[in-house]
Amino acid sequence: MQPLTQVWPDDLAALYRERGYWRGETMFGFLRRHAGERPHSIAVVGETACWTYRELTQRAEAVAHGLLALGYRPGDRIVVQLPNIPEFLSVVFGLFRAGLIPVFALPAHRECEVLHLAARSQASGYIIAAAADGFDYRVLARKVKDGTPALRHVIVVGDAQEFTSLSELPATPVDLPADPDPGSVAFLQISGGSTGLPKLIPRTHDDYIYSFRASAEICRLDAGSVYMAALPVAHNFPMSSPGAFGALYAGGRVVMCPSPSPQTAFALIAREKVTITGLVPPLALLWIQAAASATHDLSSLKVLQVGGAKFTPEAARRVRPALGCSLQQVFGMAEGLVNYTRLDDPEERIVETQGRPISPDDQILIVDEWGEPVRDGAAGMLLTRGPYTIRAYHDDAAANARSFTADGYYRTGDIVRMTADGYLVVEGRAGDHINRAGEKISAEEIEDHLIAHPGVFDAAVVAIPDPYLGERSCAFVIGGGNRPTALALKAFVRGRGLAEFKVPDQVVFVEKFETTAVGKVSRKILRQGLRDGYLETQESRS
Ligand code: OOB
């Protein structure tokens, strides 16, 4: 098996330890500590379940025992695709306890993405819920199993059918392994993905715990805090910024919200007295709108975090009047760096900027296209390195060569500028991806699927500004002999087993793509031209 590593240069690793960022704790270790210190405090609440720290820890240990009894060994990788249910935590902490490596898939992922994650991580297990949000994950699991010979078990929360039920894992007594090295990789997170399919991000116990411990401090979480995971909790934002893990680290309570719709979420906020939650911009807009006629008591909510995509100042200004809570902007990435506006920042800074880094040792470079630092206050490409930003993706030499500089900076692909007081403002992206309501879509990946249709000669996918989603996807398509209708083409892409959010929102057929005199043009310039041309036509129409 391809070993899992994440290595910082020795001098920096020593500095990060000396400064107290990396404290040698492990993911299961901190939960066990809480189970000892606050056994009867509530750790997690779902629609139907409610577990104390002791119960969560015991359930996690049972999962660890069961998986080892099935024959799994420390270091084995297990794809986890679970919705926002308490079992997400018992499973993931169970994997940590057994020394198994969770590979996080989002509930929206379908066979294309899951097959890729399973293959790239060399997974031998796959943990799903029977069904969620009207989708039967066992149907997906059959396809994933067929395509992944190394997959030994599919483990199901709920009715397992032909698979293994989580509640019926073998109870044979087995020895649990010793705690892992805190510098070792704890799990594989997935990238927002700017090119191709999601890349795997190895995060260590030390670096990840630092990121959510410090995030919890910035957000002033304590044992009285109630964090609601409204976004899919496997995503880095609701998981660790400060997210479910940060809330647990602070000894607080996690509420698993099955849907971010105002209807479901408002009822849970009122019932569980939620104090903080996080949303992507389109959902924040929806909540702002719905709050006007809401009958639920939302007065417990102190902080609404918004991140994952740019939140416009106009929308940001509406949060407090509509929801009666503070806004915190969060600009982060699964690769590491997370920026927050601080709770005591002046309103203008909270509304106008995407915050500043967590750590005094987050190094930020803003460079021009030649890699030279821009002048103060000018926009440029954001590069970063620091105590919780990765130095390499797992098993992907090409992506590593592209995404990291020789001296270890991660090229975020984001265009930002820095204010005089050190806050970042996101201006756009250098890459070719569409940020659809916080879901990142790779233009390249979708073009590949479109071109696979026999009636498609060529395709270019671009981001079009959208008042609700921030950006939506538009596929420009040159038809071949038997040109499909737009609807048929969307159905074709959907049929290839992609996450629904990746199906182009719009398909525009064109005769040809403009090329330069030499007949060559980079797809990046091509996409830009198509997008600009399209936007101009729309303007002249309106
Ligand atoms: C978060 O993580 P990912 O890995 O899904 O996506 C990262 C990318 C960033 O590089 C940037 O392009 C975009 O998402 N982004 C934002 C943003 N927050 C993320 N763009 C503009 N404004 C923002 N506030 O999306 C993520 C991870 C941890 C915390 C928050 C978000």
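The length gained on full extension between Arg17 and Gln58, counted as 0.36 nm times the residue separation minus their Cα-Cα distance, comes to 11.7 nm.
The value of relative contact order for the chain, using C-alpha pairs under 8 Å at least six residues apart, is 11 percent. Among the protein heavy atoms of the chain, carbon and sulfur supply 52% of the accessible surface, probe 1.4 Å, non-protein parts ignored. Other residues lying with their Cβ under 10 Å from the Cβ of Pro39 contribute a combined charge of 0, Lys and Arg counting +1, Asp and Glu -1.
Of Val503, His34, His433, which is farthest along the charge dipole of the chain in the positive direction, counting Lys and Arg as +1 and Asp and Glu as -1 at C-beta? It is Val503, whose Cα lies furthest towards the positive end. Within segment 19-99, the percentage of alpha carbon pairs spaced more than 14 angstrom apart rounds to 64%. Taking the DSSP beta bridges with both ends in the chain, the antiparallel portion is around 55 percent. In whole angstrom, the chain maps to an equivalent ellipsoid with semi-axes of 35, 28, 25, each derived as √(5λ) from the alpha carbon gyration tensor and ordered largest first.
When peptides 80-87, 455-462, 142-149 are ranked by their average number of other Cβ atoms within 10 Å per residue, the highest-first order is 80-87, 455-462, 142-149. With all projection directions averaged, the alpha carbon convex hull of segment 313-361 covers 3.8 nm². Find the percent of Cα-Cα distances in segment 118-267 that exceed 25 Å, and round it to a whole number. Distances greater than 25 Å cover 46 percent of the Cα pairs. In order along segment 307-319, phi translates into HN-Hα couplings of x, x, 7, 5, 9, 6, x, 4, 5, 4, 5, 7, 4 Hz, rounded to whole numbers, per the Karplus curve 6.51 cos²θ - 1.76 cosθ + 1.60 with θ = phi - 60° and x for Gly and Pro. Phi angles across segment 137-154 convert, under the Karplus curve 6.51 cos²θ - 1.76 cosθ + 1.60 with θ = phi - 60°, into 3J(HN,Hα) values of 6, 5, 5, 4, 4, 4, 5, 5, 5, 4, x, 10, x, 6, 6, 8, 9, 10 Hz, Gly and Pro given as x.
Computed per residue of the chain from DSSP H runs no shorter than four, each worth -39500 (n - 2.57), the mean residue ellipticity at 222 nm is -10000 deg cm²/dmol.
Extending 7 Å from the Cα toward the beta-carbon at both Thr172 and Ile525 defines two label points whose distance is 6.4 nm. The 3J(HN,Hα) values that the Karplus relation (6.51, -1.76, 1.60; θ = phi - 60°) gives for segment 433-443 are, in residue order, 10, 9, 9, 8, 6, x, 7, 8, 10, 7, 4 Hz. Gly and Pro appear as x.
Computed over Cα pairs, the Kirkwood radius of segment 279-363 leads via Stokes-Einstein (1.002 mPa s, 20 °C) to a diffusion coefficient of 161 µm² per second.
Under a 5 Å amide H cut-off, with hydrogens placed 1.01 Å from N, Gly428 pairs with Ile415 among residues at least 5 apart or on other chains. For Ser299 and Asp407, the FRET efficiency from 1/(1 + (r/R0)^6), where r spans their Cβ atoms and R0 equals 41 Å, is about 0.25.
Ranked by the mean number of other Cβ atoms within 10 Å per residue, highest first, peptides 33-45, 333-345 order as 333-345, 33-45. Return one whole number: the accessible area per residue of the chain in Å², for a 1.4 Å probe. Spelled out: the 1.4 Å probe surface of the chain, per residue, equals 40 Å². Residue-normalised convex hull volume from the C-alpha trace of segment 250-327: 91 Å³ per residue.
Note on the chain: Lys pairs 8 or more places apart or on different chains, Cα atoms under 18 Å apart, count 9.
Database remark: amide H of Leu100 closer than 5 angstrom to the amide H of Gly75 (H placed geometrically; neighbours at sequence offset of 5 or more, or on other chains; Pro and chain starts carry no H).
Remark: the chain carries a charge dipole of roughly 640 debye about the Cα centre, counting +1 on each Lys and Arg Cβ and -1 on each Asp and Glu Cβ.
The values are calculated or read from the model by the stated rules, or taken from the named source; none is laboratory data. Values in this document were obtained by computation on a predicted structure and should not be read as measured data. Heads up, the Cβs are rebuilt from the backbone with ideal geometry, glycines too, and the neighbour counts pull from every protein chain shown. For accessibility, only protein heavy atoms count, side chains too; no ligands or nucleic acids. Shrake-Rupley method; radii C 1.70, N 1.55, O 1.52, S 1.80 Å.
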